[in-house]
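In what follows, a structure is listed as structure tokens, so that the remarks can point back to it.
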Amino acid sequence: MTTAPLLPLNDGTDLPAIALGTYKLNGPDGVSAMTSAIRQGYRLLDTAFSYENEGAVGRAVRDSGVPRDELVLTSKVPGRHQEYEATIRTVHEGLYRAGLDRWDLYLVHWPNPGRGLFVECFQALVDLQKDGLIRTVGVSNFLPEHLEAVAEATGVMPAVNQIELHPYFPQTDALEAHARLGVLTEAWSPIGRANACLAEPAVQAAAAAHGVTPVQVVLRWHTQRGVVPLPRSSNPGRQHENLDVFGFTLSDDEVAAITALGRPDGRLKGQDPAVYEEM
């Protein structure tokens, strides 16, 4: 069984260096996929209220046979529930669905700046953390100015910001800002659109040099940049491959070559957090 190293967070807790993304892992098949991943060594699972599979996550935890305290379970509050009291209800409802007594990491899913509610939403998470229902509070898809706004208003800097990040959209400026603010970066869509980056010569050359797959190269590129990638797979073989990326090290030149694949149009269409409004 492979396990990921742990990375320190700004609140004194730790986070595994790779996660299982669970988007579209629903129902019995989703439970089976997540159970497989946990048994193979995944200890960080990422879901969201909007994924409608918090119950499946909880069932997979129980079916896996792995002690609950060994797992780090993440969920997120959707934009439609960002008012303070709605956030409180959403976190409770997710725990009821999952059959859990706490979330290990809970995120504001999108800032939705046009609504102006992300600060009170984050405050609700901070208050739930004080009540013991959330271990670590964080955000997703926030820009640096959003991070600074919630920290100034609540006195708590988010421990995590989960953002779109892949070779075509390497987010170098965001990583620098997160490092300055003491925020750990998680990467959703870590391989990018339709896996297109896997055919790039820089990725192919690194895979050949290290005797690994292109996917493993990209995931290792993330981890060496201090980013926690969230690959999603229901296939046990690919789950194992995605987790098994800590036995080799890319050179600085290989990391730089993959980072250089960034494109001006690299972001997935319609996902700019400065304007996007999530329901």
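What to note about this one:
- For the chain, modelled as a GNM whose springs connect Cα atoms under 10 angstrom apart, the maximal fluctuation among Pro28, Pro16, Pro144 occurs at Pro28.
- From the alpha carbon centroid of segment 18-36 to that of segment 259-277 is 26 Å.
- Residues of segment 46-152: accessible area per residue with a 1.4 Å probe, Å²: 36
- Under 5 Å from the amide H of Glu186 lie the amide H atoms of Asn161, Gln162, Ile163, Val228, each residue being 5 or more positions distant or on a separate chain, with H modelled from the backbone and absent for Pro and chain starts.
- Residue of His166, His210, His178 that the Gaussian network model of the chain assigns the largest fluctuation, springs spanning Cα pairs under 10 Å: His210
- Sites listed here are GluC sites (Glu not before Pro) in segment 1-84 whose DSSP assignment is loop and whose Cβ has at most 16 other Cβ atoms within 10 Å: Glu52, Glu83.
- Kirkwood estimate for the chain, i.e. one over the average of 1/r between Cα atoms, Å: 18.8
- Distance between modelled label sites at Leu268 and Lys24, nm, 7 Å Cα→Cβ extension: 0.9
- Max mean-square fluctuation residue, GNM over the chain, Cα-Cα springs under 10 Å, options Ala37, Ala194, Ala260: Ala194
- Computed from backbone phi, the HN-Hα couplings of segment 265-276 come to 9, x, 5, 4, 4, x, 10, 6, x, 6, 10, 5 Hz, rounded to whole numbers (Karplus: 6.51 cos²θ - 1.76 cosθ + 1.60, θ = phi - 60°; Gly and Pro given as x).
- 3J(HN,Hα) couplings calculated from phi for segment 226-233 with the Karplus curve 6.51 cos²θ - 1.76 cosθ + 1.60 (θ = phi - 60°) are, in sequence order, x, 9, 9, x, 10, x, 10, 7 Hz; Gly and Pro show x.
- From its DSSP helices (H runs of at least four residues, each -39,500 (n - 2.57)), the chain gives a residue-normalised ellipticity at 222 nm of -12000 deg cm²/dmol.
- Annotation: amide H of Ile134 within the under-5 Å range of Trp103, Gln129, sequence separation 5 or more or interchain, hydrogens built in the peptide plane.
- P(r) weight above 19 Å for segment 161-260, C-alpha pairs, percent: 37
The values are calculated or read from the model by the stated rules, or taken from the named source; none is laboratory data. Every value quoted in this text rests on a predicted model; they were computed, and no experiment measured them. Cβ: placed from backbone, ideal geometry, glycine included. Neighbour counts: every protein chain shown. Note: areas computed on protein heavy atoms with side chains; ligands, DNA, RNA excluded. Shrake-Rupley method; radii C 1.70, N 1.55, O 1.52, S 1.80 Å.
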